[in-house]
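Participant: The following block contains the structure, expressed as structure tokens.
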Number of protein chains: 2
Amino acid sequence: MPQRSDARANRERILDVAEDVFGQGGKSASTEDVARLAGVGIATVFRNFPTKAALLEAVLVRHFDRLRAEAEARLGDQDPGEAFFGFFRHLVADAKTKIAIAEALLEAGGTDDGEAAEASQALRRAVGELLHRAQKAGAVRNDVELPEVYALLVGASRAVARASLDDQVRSRMLTIVFAGLTPPPSGARRTG
Amino acid sequence: MPQRSDARANRERILDVAEDVFGQGGKSASTEDVARLAGVGIATVFRNFPTKAALLEAVLVRHFDRLRAEAEARLGDQDPGEAFFGFFRHLVADAKTKIAIAEALLEAGGTDDGEAAEASQALRRAVGELLHRAQKAGAVRNDVELPEVYALLVGASRAVARASLDDQVRSRMLTIVFAGLTPPPSGARRTG
């Protein structure tokens, strides 16, 4: 019987490998593949994750939790505008991985309704705090609210994941979105 | 043997019904269901569309062709800015239907690579012409290009289809995008 810390390390290694494999679109990979790449026995994987769906749900939850922690860490940044726009950019750059994991989860018969949905909501709340802080600092216009900002985030993410945009087009797309979120120069009338 | 014009009318009626059924997300509907709702015999459907995938591909192609014709019709509009922004809004509002048909096609074992991709490319070119005209009229900033504008269109469409946004959030999301596409007031520095 391994020590507790060994068991934890194994669990993390399995999650790391699974995130890597499934995040890169390898949805047909098996739990056995993950065990082999992680250098652990298949029994160890099954002890932690009884099904492929359970494994993928844990990967997705951890992925959301990490992003949320990153968002929260930026709440202390000196420049609230750069904290918000930088994190928006980061989320969109990460989208392909996240969507690939979510699709593998659904294909494995799992659901993104439970714990993954909770973790996703927590991330959304953290983005809401970054937005609020950027608005108070005058870096984002005050007349926008989280639902439409999040819709743009989801949309930009799906565009990147779906159309495999190159980095330059992605960056130019975000320039348009960010220009739309930036307050007009004072004195200028609102457009759009 | 029906007259030629009857045969054409039957074909159009079948496509209308199929667009309605599958566009509303009824991807499990069968070719028999479509025949019944269209009030034609199943043999008539099969004579026109040997498989469900062939039927769905024809529905999708016709859908793209119509949108393209609408875009082209707007090329003569008095106000090139309103022609472009209005059509952008129209495409996003239509997204749910279009994506539902495309998903039903893939699920029926069809592919959106062939004729549907051609029709989709023709629509993209028409949007490019609307964009170009709006830029010449000063309604859209000159430093944006079709790839990123189309990425935003795809993204906004996917956000609407995926997250079932209510109309108000959809409209507020587009307000942000349109503000980002509108040239800054003269004299103001570029933001974003």
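Participant: With label points built 7 Å along Cα→Cβ from the Cα atoms of A:Lys136 and B:Ser171, find their separation and express it in nm.
Facilitator: In this crude label model, A:Lys136 to B:Ser171 measures out at 3.1 nm.
Participant: Using Cα pairs closer than 8 Å and at least 6 residues apart in sequence, work out the relative contact order for chain B, in percent. Each step should come with its number before you reach the end.
Facilitator: Values: 180 pairs, mean separation 45.4, N = 192.
After rounding, I find 24 percent.
Participant: Counting only helical runs of four or more DSSP H residues, what would the 222 nm mean residue ellipticity of chain A come to if each run contributes -39,500 (n - 2.57) and the total is spread over all its residues? It would help to have the intermediate numbers written out before the result.
Facilitator: On the way: 8 runs with 141 residues, N = 192.
So the calculated ellipticity at 222 nm is -25000 deg cm²/dmol.
Participant: While we're looking at this one, here's another question. Within segment A:59-160, which GluC sites (Glu not before Pro) sit in a loop by DSSP and count at most 15 neighbouring Cβ atoms inside 10 Å? Provide the component values of the computation, followed by the final result.
Facilitator: Working: sites: A:Glu70, A:Glu72, A:Glu82, A:Glu103, A:Glu107, A:Glu115, A:Glu118, A:Glu129, A:Glu145, A:Glu148; in loops: A:Glu145.
Passing sites in segment A:59-160 are A:Glu145.
Participant: Now for a different question. Can you pull the one-decimal nm distance between simple spin-label points at A:Asp79 and B:Leu75, each 7 Å off the Cα toward Cβ?
Facilitator: 4.4 nm
Participant: Kindly give the distances from B:Ser5 to its copy-mates, label point to label point, with each label point 7 Å from Cα along Cα→Cβ, as nm values to one decimal ordered shortest first.
Facilitator: 8.7
Participant: Also, I was wondering about something else. Distance between the C-alpha centers of segment B:63-88 and segment B:1-47? Whole Å please.
Facilitator: If we compute the Cα centre of each part, the gap is 29 Å.
Participant: I've got another one for you. Using a Gaussian network for chain A with springs between C-alpha atoms less than 10 Å apart, which of these wobbles most: A:Asp112, A:Asp167, A:Asp33?
Facilitator: Ranking A:Asp112, A:Asp167, A:Asp33 by mean-square fluctuation puts A:Asp167 first.
Participant: Between A:Ala54, A:Ala117, A:Ala151, where does the largest GNM mean-square fluctuation fall for chain A, given springs only between Cα atoms within less than 10 Å?
Facilitator: A:Ala151
Participant: Something else about it: What nm distances, shortest first, do you get from the label point of B:Ile42 to those in the other copies when the point sits 7 angstrom along Cα to Cβ?
Facilitator: Distances between equivalent label points, in nm: 4.3.
Participant: Could you compute how fast segment A:4-181 diffuses translationally, taking Rh as the Kirkwood radius over C-alpha pairs and applying Stokes-Einstein at 10 °C with viscosity 1.306 mPa s? Give it in µm² per second.
Facilitator: Numbers: Rh = 17.4 Å.
Answer from the Stokes-Einstein relation: 91 µm²/s.
Participant: Here is a further query. Could you work out the equivalent-ellipsoid semi-axes for the protein assembly as shown, taking the square root of 5 times each eigenvalue of the Cα gyration tensor, largest first, in whole Å? Before the final figure, lay out the partial values.
Facilitator: Details: eigenvalues 297, 238, 44 Å².
That gives 39, 34, 15 Å for the three semi-axes.
Participant: Count the lysine pairs in chain A that are 8 or more places apart or on different chains: how many have C-alpha atoms under 25 angstrom apart?
Facilitator: Close lysine pairs found across chain A: 5.
Participant: Still on this structure, please answer the following. Suppose you put the label 7 Å out from Cα in the Cβ direction; list, shortest first and in nm with one decimal, how far A:Gly86 is from each other copy's label.
Facilitator: For A:Gly86, the inter-copy label distances come out at 4.4 nm.
Quick note: the coordinates plus some simple rules give every number you see, no bench work behind them. Values in this document were obtained by computation on a predicted structure and should not be read as measured data. Glycine gets a Cβ as well: all are built from the backbone with ideal geometry, and neighbour counts include every protein chain shown.
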